[in-house]
Amino acid sequence: MTTTLPANESLMALTAYSQTMVYFLVAALLAFFSLIMIFILYVRRIMINARDKKIQALQFSFQYLIYEALVESQATQGKAQQLIVEKLKKEACKSSLHQQTLADLIINLKRNFSGDAEKQFVQLYHLLHLSQYSLKKLRARRWDVRVKGIRELVEMKQDHLDTQLAITNLITDKNPVVAQEAQMASIVMENTPLDFLYHLQQPLTAWHELSLHHLLLKLDPKLVPVFTPWLSSSNESVVLFSLKMIAYFEQQQACGQVVQCLSHPAASVREEASCTLSRLTLRHTPEANPETA
């Protein structure tokens, strides 16, 4: 007994010492990694501030050149305007930051104007080949970059065939945000809007429906499609959306197909079809003659 107690006490002391060292090392590592994170955040903050200051400086110099180019274009000074455009091109080629800053500036300035002034900003955007820069974004790995590229091309009215095809390829993108952005862009850019509904498998969200409706209201009424082809869609949300649009745009020629939807397997479609028929009937019912009432 006298020989085993000291051994047990030594073992316990060694175990306690080992545990203490482990706790100490863990605490030291946590403190070390915390310091590293603080350092990284500090450096990142410095880099962001430096980038913001550079962007502000670029915006100031670009804005002066842009307005000068617009003034020269109005004064029909072709050579002077060409020199300014070439100078802006050289600045844009320096880095992607220069290109993006110039693109954002022209787009933001364009939103504050209308008529001929707005067209001048769009023309300048294309003269500087910024539309090609936006087009390259459609092939980016990051989904937010692809979305930004789509919005820029739509905003600056880049409706060439190659652009339409590039955006159409994104309609079935794996990222739902990119896909929806491409779908809404197709409404504005294509002569046959809403063709993507034929192949849409995901359900339309309420936000998506509102966005599509908002864009349809901006179209020339002659370009608003008749929604009857989508009443036979296997996507229930597409059928519901089509019924709502038939009612809103008062497409009386669709009454026969809407009646067929009253026997649709989905109760929601049957209910919406009934509401659509009621709206179409009420809007085209002759008012009672007050003299015969």
Original post:
How do the pairs read when you match residues in the stretch 137-150 that are under 13 Å from Asn175 (Cα atoms) with residues anywhere that are part of a loop (DSSP other than H, G, I, E, B), using Cβ under 6 Å and keeping only pairs 6 or more apart or on different chains?
Top reply: Trp143/Asn175; Arg146/Leu138; Arg146/Ala140
Original post:
Out of the stretch 123-155, which residues are open to solvent by 20 Å² or more (accessible area, probe 1.4 Å), among the basic types (Lys, Arg) and within 24 Å of Leu88 (Cα to Cα)?
Top reply: Lys136, Lys148, Arg151
Original post:
Which ones in the stretch 102-130 are of a type in the set (Phe, Trp, Tyr) and outside any helix (DSSP H, G or I)?
Top reply: Phe113
Original post:
Which pairs have Cβ atoms under 6 Å, sit 6 or more apart or on different chains, and link a residue in the stretch 45-70 that is farther than 17 Å from Ile107 by Cβ and open to solvent by 60 Å² or more (accessible area, probe 1.4 Å) to one that is in a helix (DSSP H, G or I) and not hydroxyl-bearing (Ser, Thr, Tyr)?
Top reply: Glu68/Ile84
**OP:** Check Ser34 against each of (1) at pLDDT 85 or above; (2) closer than 25 Å to Gln132 by Cα; (3) of a type in the set (Ser, Thr, Tyr) and name the one condition it does not meet.
**Re:** (2)
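The values are calculated or read from the model by the stated rules, or taken from the named source; none is laboratory data. These figures come from a predicted structure and were not determined experimentally. Heads up, the Cβs are rebuilt from the backbone with ideal geometry, glycines too, and the neighbour counts pull from every protein chain shown. Remember, those area values only see protein heavy atoms, side chains included, never the ligands or the DNA or RNA. Shrake-Rupley method; radii C 1.70, N 1.55, O 1.52, S 1.80 Å.
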